[in-house]
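J.: Got a structure for you, questions after.
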Amino acid sequence: MTDEEPAENISGGTAGGGQSATFDPETAGTRAETVVDRLGEMYWTKTYGGRDAFECLVRTILSQNTSDKASQSAHDDLMARYGGGEDANSEGDIDSTDLARALADADQPELAETISSAGLYNQKSERIIALAQRICEEYGGEAGFDAFVRDSDSEKVRSTLLDMNGVGPKTADCVLLFAGGRGGVFPVDTHVHRIARRMGLAPADADHETVRAYLERDVPAAKCGFGHTAIIQFGREYCSARKPACLDDPDACPLAGHCDQIGVYPAADDVVDPSETA
């Protein structure tokens, strides 16, 4: 994984089709596309697809209800303990350890201690072990699971992931996007959920799945992956939950002209969840 900026903006990356993303707010077909295009002028597009599907699944579970810094530390510690070394395959040859097999056989208290920085470590360790066991039983390990995520129908993959304990819509969509490189997938985390409703890109009282439906309808498939990561970055830099940039200075937000400010009241110096205005 790398955060290095590419030489040109690519939406989807090589694993996702390598389609060049054209960011032109003046010719966008919907307001949601205009917002994504404006963000395309601000941020570099990342590469989507190509990550190991099972590792991506584990990483997303570690990220639930915790900070990026904490989940990154837990992921690094998990990979250092379970993702290295050598193992014998079915033919008796020696190859790299299969992460799913290693975690399927993991001692739960030991795994919990390893990922403790992520919080909810007992619950997460139990879920990770159960998922690893299921993936070994149904797909033979991480290679078979990778092939399933990358080659099967998107809806089949999504429904299968959602059938796994501890995997919600955002986790399933992140696996489809970051491992499968699928176009038209717009994962909705807390930032995307808040900002789409605050800007008026989705109804103020929309749940996560409704926000996803609106964004996947109104943003071209090739730009959905970028839209997800860019809105998260925008949320961290400008449109936080309690102190959006526009609260103190209307001109401080680069998307001010595209936002309905649902639930944001600069005159009263107050911010509420958009659902409270519906």
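The values are calculated or read from the model by the stated rules, or taken from the named source; none is laboratory data. From a predicted model like this one, the values you see are computed outputs, not experimental measurements. Heads up, the Cβs are rebuilt from the backbone with ideal geometry, glycines too, and the neighbour counts pull from every protein chain shown.
J.: Would you mind finding the one in ASP52, ASP37, ASP76 that is crowded, with 17+ Cβ neighbours inside 10 Å, modelled with pLDDT of 90 or more and closer than 23 Å to ALA132 by Cβ?
T.: Among ASP52, ASP37, ASP76, only ASP52 is crowded, with 17+ Cβ neighbours inside 10 Å, modelled with pLDDT of 90 or more and closer than 23 Å to ALA132 by Cβ.
J.: A further question on this structure: Residues that are within 21 Å of THR22 (Cα to Cα) and either among the charged types (D, E, K, R) or touching a residue at least 12 places away in the same chain (Cβ under 8 Å) (or both): which helices (runs of 4 or more DSSP H) entirely in the stretch 155-247 hold 3 or more of them?
T.: Output list reads 208-218, 221-237.
J.: List the number of the failed condition for PRO6; all other conditions in (1) outside any helix (DSSP H, G or I); (2) at pLDDT 80 or above; (3) surrounded by fewer than 17 Cβ atoms within 10 Å (Cβ to Cβ) hold.
T.: (2) is the only condition that PRO6 fails.
J.: Next question, about the same structure. Taking GLY140 as the residue in question, decide whether it is of a type in the set (Gly, Ala, Ser) and modelled with pLDDT under 95.
T.: No.
J.: Within the stretch 26-84, which residues are more than 19 Å from the chain's Cα centre (by Cα) and not in a helix (DSSP H, G or I)?
T.: ALA28, GLY29, THR30, GLY83, GLY84
J.: Out of all the residues in the stretch 30-51, which are free of Cβ contacts under 8 Å to residues at least 40 places away in the same chain and farther than 16 Å from GLY257 by Cα?
T.: Hit for the stretch 30-51 is TRP44, nothing else.
J.: Can you report the number of residues in the stretch 108-131 which are among the aliphatic types (A, V, I, L, M) and more than 20 Å from the chain's Cα centre (by Cα)?
T.: 4
J.: With GLU216, GLU209 as the choices, which residue is at pLDDT 95 or above and touching a Gly at 6+ places or on another chain (Cβ under 8 Å)?
T.: GLU216
J.: Looking only at the stretch 186-214, which residues are among the hydrophobic types (A, V, I, L, M, F, W, C) and more than 15 Å from HIS258 (Cα to Cα)?
T.: Residues satisfying the conditions are PHE186, VAL188, VAL192, ALA204, ALA206, VAL211, ALA213.
J.: Right, ALA106: aliphatic (A, V, I, L, M) and farther than 16 Å from THR60 by Cα or not?
T.: Yes, satisfied.
J.: What single numbered condition from (1) within 21 Å of LEU99 (Cβ to Cβ); (2) of a type outside the set (Asp, Glu); (3) at pLDDT 95 or above fails to hold for GLY181?
T.: (3)
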